[in-house]
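The numbers here are math on the coordinates, done by the rules we state, and not lab data. Here the structure is a predicted model, which is why all the values come from computation and not from measurement. Here the Cβ positions follow ideal geometry from the backbone for every residue, glycine too, while neighbour counts run over all protein chains shown.
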Amino acid sequence: MSGDLPEFYFRIRDNGAAVFRVDTENRNRRIEMDEIAVVNVKNGNIRPHGDRKLTDEELAAIRAWLEDRVALLARRDIDDILRTVDHLNLTAGWAQGKASDDDLEQVTDALLLAMHDLRTVLVRRKAERLMKGEAAE
């Protein structure tokens, strides 16, 4: 099993991860994890743990993980939005065919405000993109 373990382990946190070096080459043949750094995904900051100095190999592995993590989170964001589109379509079907008057009373104002806010943002951003396109031509 020890041959299958990665050299580094990333414990995911809200804004990044704690980075551990995985060690199986000790006399007890136990898995030991030594925390070496903390990574912030939002700003790309890599802070060594304690007074440790990170090696070039460690920094390269952390940067590679950071790049992969940022890409994964971006894909998840798009997937979440596409699921929201599906939910909006399902909600429209529910409101049209299944919802009672009481059900609609509970959700209508919140949905209308959220959709109005979303529409306002989307229209403004689309106009900005169109203006950029015209300026580039």
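Just one of the listed residues (ASN28, ASN43) is assigned to a loop (DSSP other than H, G, I, E, B), polar (S, T, N, Q) and within 15 Å of the chain's Cα centre (by Cα), and it is ASN43.
Whenever a residue of region 72-85 is touching a residue at least 12 places away in the same chain (Cβ under 8 Å) and surrounded by 10 or more Cβ atoms within 10 Å (Cβ to Cβ), its partners that are not polar (S, T, N, Q) and not in a helix (DSSP H, G or I), lying with C-beta atoms within less than 8 angstrom and at least six residues away or across chains, give the pairs LEU73/VAL41. Does at least one position in region 5-18 carry a residue that is among the polar types (S, T, N, Q), over 15 Å from the mean Cα position of the chain (by Cα) and farther than 16 Å from ARG63 by Cβ? Checking region 5-18: not a single residue is among the polar types (S, T, N, Q), over 15 Å from the mean Cα position of the chain (by Cα) and farther than 16 Å from ARG63 by Cβ. In this structure, ASP103 does satisfy being surrounded by 12 or more Cβ atoms within 10 Å (Cβ to Cβ), among the acidic types (Asp, Glu) and not in a loop (DSSP other than H, G, I, E, B).
Looking at this structure, is TRP65 under 26 Å from the mean Cα position of the chain (by Cα) and aromatic (Phe, Trp, Tyr)? Taking the combined requirement at face value, the residue satisfies it. Across region 77-98, a minimum of one residue is classified as assigned to a helix (DSSP H, G or I), closer than 30 Å to TYR9 by Cα and among the aliphatic types (A, V, I, L, M).
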